[in-house]
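> Would you mind keeping the following structure in view while I ask a few things?
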Amino acid sequence: MGGVKGALLAHLQTGCTTICRCWALTRKDGTVMGFTDHDKALAFEGIGFRADTGMSTATLQQATGLSVDNTETMGALSDASISEADIEAGRYDGAEVSSWLVNWADVSARHLMFRGTIGEIRRGKGAFHAELRGLTEALGRPVGRVYQKPCTAVLGDASCGFDASAEGYFDARAVEVVEEGRVFRFEQMTGFEPAWFAFGTLEGVSGECAGLKGIVKRDYFEGEARVIELWHPMRAGIATGDLIRLVAGCDKRMQTCRTKFINLLNFQGFPDIPGDTWLAVQPQSAGQTGGGSRRS
């Protein structure tokens, strides 16, 4: 077996082995979970690997060069491990996965077989199937600078540099009225200008939606009530009394960056770039024809 060496290789060469597989899964919220297809729980590298999940894996396809390594794992849906509600909420989307071949009689004899991320997840009939994609899958993503009028940065990221936790740019409060998991109404929320949170985010702080985010579509007043409307319902249940955090929205325009966030030096767009109509304009039949700029 390529790459296997040391104590594990010596064990495999005996011809009588005590081998199992272990998986470690790290979600984007920092939660780490361990699973094994052995009949008893194991532990190494500070991770406990549970044996009661029915986890198994398909054949791992590996290749030389930049081909993407692929495999699939499956297991039982359980409230104590991987639940259908968490999959529906997207908590496992893009989670990091590591897989080892382990001597369960001596877990120090192990070999890392696979490292990558979770791709498509299918579920049904009490079980789930998760596609695992190797690290080289990231090399196929388009990268580079996009030249366009709106800003290409995400509010608060490294290229934007704005501190979204600054006073006046966020609001933390309890849910008062929520409709269809998408429309929120607040009676006493007057400390922000209308549309201040449009294109911003609503993040769950407590309850079933803790750690999940939604994008704000509209922020407006209906009488005395302030209405925060999302593009899509939150991906888990949210109820009156749950704590949420609202972050001011950015519409990617230069004027917004200048006046609302006072962050123009970090603006990542090109507001003066000509549009498509300018590129296809016909020659002038009158007026200035001395070769100067056509932009007024």
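Each reported figure results from applying straightforward, stated rules to the coordinates on display, with no laboratory input. Quick caveat: nothing in here was measured; it's all calculated off a predicted structure. Every residue, glycine among them, receives a Cβ derived from its backbone with ideal geometry; neighbour counts consider all protein chains shown.
> May I ask you to list the lysines whose Cα is less than 30 Å away from that of Lys40, ignoring any residue fewer than eight positions away on the same chain?
Those lysines meeting the cut-off are Lys5, Lys28, Lys125.
> Net charge near Gly94: determine it from the other residues with C-beta under 15 Å of the C-beta of Gly94, scoring Lys and Arg +1 and Asp and Glu -1. Intermediate values should be presented prior to the final figure.
Details: positive: Arg27, Lys28, Arg91, Arg115, Arg133, Arg141, Lys213, Arg235; negative: Asp29, Asp86, Asp93, Glu96, Glu120, Glu131, Glu137.
Around Gly94, the surrounding residues sum to +1.
> Lysines within cross-link reach of Lys260: Cα-Cα under 17 Å, excluding same-chain residues under 8 positions apart?
Within the straight-line limit of under 17 Å, Lys260 reaches these lysines: Lys252.
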